[in-house]
Each structure stands twice: as structure tokens, then as C-alpha cells.
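Read the structure below first, then the notes.
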Amino acid sequence: MHSLLNINSSTAINYLPIAIQLIFVIGFIGTMLALSAITGPKRKTKDKLETFASGIEHHGDARSPMAVKYFLIAILFVLFDVEVIFFYPYAVNFRTFAADPTMAWKTFMAVLMFVGFFVIGFVYVIKKGALKWED
Amino acid sequence: MNLIQIIFWFLSSFAVISAIMVLVSKSPVHSVLWLIAVFFAISGHYILLNAQFLAIVNLIVYAGAIMVLFLFVIMMMNLNKDTDPQKNIWIKLAGAVSGGCLLMVLVSLVKQATEINGKEAMLGKGDIGLIGTLGKVLFTDFVVPFEISSVLFLSAMVGAVVIGKKDSKLENN
């Protein structure tokens, strides 16, 4: 049986603490929500269940279509998010690469080039003003 | 039943129930939340198969980023009561029949596939899917595809900006 504090995460059993934590989190939140729902007072009048809008009577529908500019921001976020994914394998291997003199600069240059392309894209996005918030 | 089997059956039933809830939910936002639950269950499966990189990518990219895109698509569409899709019984029946046919084809294909018959999935062993192993391969043998993928991201970025951003100079002329 592996120790729960084993740093070497090469098998699935090392994820047991994370699973225990997830179970604890879900159980804790579920218990708290259920407790407050059961023990809390409930006064469901029509005025109370109305959507809160700082005392002003609400009008219209909240489901109005959003502008496409939000979507552009979201897509750019996804691209940079995927970029971060590629750093994980490099970060995990960083020490072994740095110890190997033939690999150290080669891999570093590869990552630098990878980031360089993203910097070009970032400069393009900034220059185009794609992140500028306008109506 | 050992621990891994119990976790497997729990994750599988959780994934299937969540996937059914994606379809059953009336509110599209609830569907997206159930889809996140499906992704978490699949990530658990990846960890059981020792594909840890895939598990992390699945959580960060799919449960994190792609779900944001889904939410934005839902927000962009006008999902009012009056624009609901039609609820014709015949269309529902046709959908159920065609979906059932697809399920039948998939099940029969899996049953006929001799490559996977009587084989067991490697659970909790093997180090091909570990982040460290993947990094070693990625930065030694597959450096060129790695760089090409960044060019792909660059082109995606340019494409998104060109399509999504209205050109102010073009409008002024």
C-alpha cells in the first residue's frame, strides 16, 4: 500500500487524496445547503421571490442575446488556456532537462519559440484592439 | 469487487446519469452544468487508466474553457419561450428512432471488434500517459509538431480577430 503522502504520482492510487478531498468538499457543501434549507425559515411571499433589482420594479427579460465581442474574448481565452497546457510537460521535466547539458538549451529554445509565436499573436491582438471594450 | 472496480462503476454510472441529465434538463445552462459533471467523471476514468495528462487537459480545456464557449453560445442565442423548438410528437419519434439506430450500430461494432474482445484495460499501471513521459517525448522526438501547433494557435488567434472584430477603418470609409 502506498503512503498517502507519496510525492511520486505515477499511479492512480496517488490520486486517492484528491478523491477524498472531492468527496469531502461535495459532502460538506451538500450537508450545509441541506441543513440551511431544512432549518432556515421560509417565507415565500410574492414580493420576496421577485427578482431583486434594488427596489426598482424589473422590466423586460434577462435573456437578451449577447454581443459577439464577448465571444471573441472567450475564444482568445481558450487559445491562451491551451497554451498553458503545453507548459505542464515542460515544468514537470524541467529538472531532468536542466541536468542534461545536451537537452537543456534545446528544449528551452523549443519552448521559447513556442511562446514567441504566442507573443506574436498577443501583439497582433493588442495592436488590432481586439481586447478594447467598445460598443 | 476491489476499490478500483467500485470507483469504475461509480464513475461510469455518474457519467451516464449526468449525460442523460444533459439531454433531459429544460434549461440550457443546467445542461452545461451537467456536461461539466460528465467531464469530471471522464477525467476520473482517465486517472484510473493512468492517463494523467489527458485527465488534466480534459479538466482545464474542456470543463474550463470549452464550457465557457458553450455558455457564451447559449447567451448569444435568443432562447425565449416563444423561440422554443417545436414539440411535434412525430419529430421526437423520428429522433428517437434514428438515435436508437446509431446506438445499435455502435454497440454491434464494439461487439464485432475482435481487437478488444476479451481484453482488459490497463488500470492504474503503465507510464505512457504520465505528464513526465509525455514531456520527454514531446521535447525530443516531436519538437516540430509542437512548434507547428503554436503556429496553428497563431492562425486561430488571427482568424478569431479577423472574423470577430469589426474593422473600424473599414466602417469609416
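Please treat every number below as a calculation from the coordinates, not as lab data. Every value quoted in this text rests on a predicted model; they were computed, and no experiment measured them. Here the Cβ is made from the backbone with ideal geometry for all residues, glycine too, and neighbour counts use every protein chain on show.
Here the Karplus curve 6.51 cos²θ - 1.76 cosθ + 1.60, taken at θ = phi - 60°, turns the phi angles of the stretch B:131-143 into couplings of 5, x, 4, 4, x, 4, 5, 5, 9, 10, 8, 10, 5 Hz, with x standing for Gly and Pro.
Tell me the angle of helix A:16-39 to the major Cα principal axis of chain A, expressed in degrees between 0 and 90 and rounded to the nearest ten. That helix lies at roughly 10 degrees to the long axis.
Computed about its Cα centre, the charge dipole of chain A is approximately 200 debye, with only Lys, Arg, Asp and Glu carrying charge at their Cβ. When you restrict to C-alpha pairs under 8 Å that are six or more residues apart and normalise by the size of the stretch B:1-79, the relative contact order lands at 27 percent.
For chain B, the Cβ-based charge dipole about the Cα centre amounts to some 400 debye (Lys, Arg positive; Asp, Glu negative; other atoms uncharged). For the stretch B:48-55, 3J(HN,Hα) computed residue by residue from phi via the Karplus equation (6.51, -1.76, 1.60; θ = phi - 60°) reads 4, 7, 6, 9, 6, 5, 4, 4 Hz, glycine and proline entered as x. Along the axis of the charge dipole computed for the protein assembly as shown (Cβ charges of +1 for Lys and Arg, -1 for Asp and Glu, origin at the Cα centre), the listed residues B:60, B:14, A:92 are led at the positive end by B:14.
Ranking A:11, A:82, B:69 by how far each Cα lies toward the positive end of the dipole of the protein assembly as shown (charges on Cβ) leaves B:69 at the top. With helices as the sole contributors, chain B gives -22500 deg cm²/dmol at 222 nm; each DSSP H run of n ≥ 4 counts as -39500 (n - 2.57), and the sum is divided by every residue. Within the stretch B:27-119, the ratio Rg/Rh, alpha carbon atoms throughout and Rh by Kirkwood, equals 1.09. For the protein assembly as shown, a simple Cβ point-charge model (Lys and Arg +1, Asp and Glu -1, everything else neutral) yields a dipole of about 560 debye relative to the Cα centre. Relative protection proxy for B:68-77, B:17-26, B:51-60, from highest mean packing down: B:51-60, B:68-77, B:17-26 (other beta-carbon atoms within 10 angstrom).
Would you mind getting me the FRET efficiency between residue B:140 and residue A:85? Use the beta-carbon distance for r and R0 = 22 Å, nearest 0.05. Efficiency for this residue pair is about 0.70.
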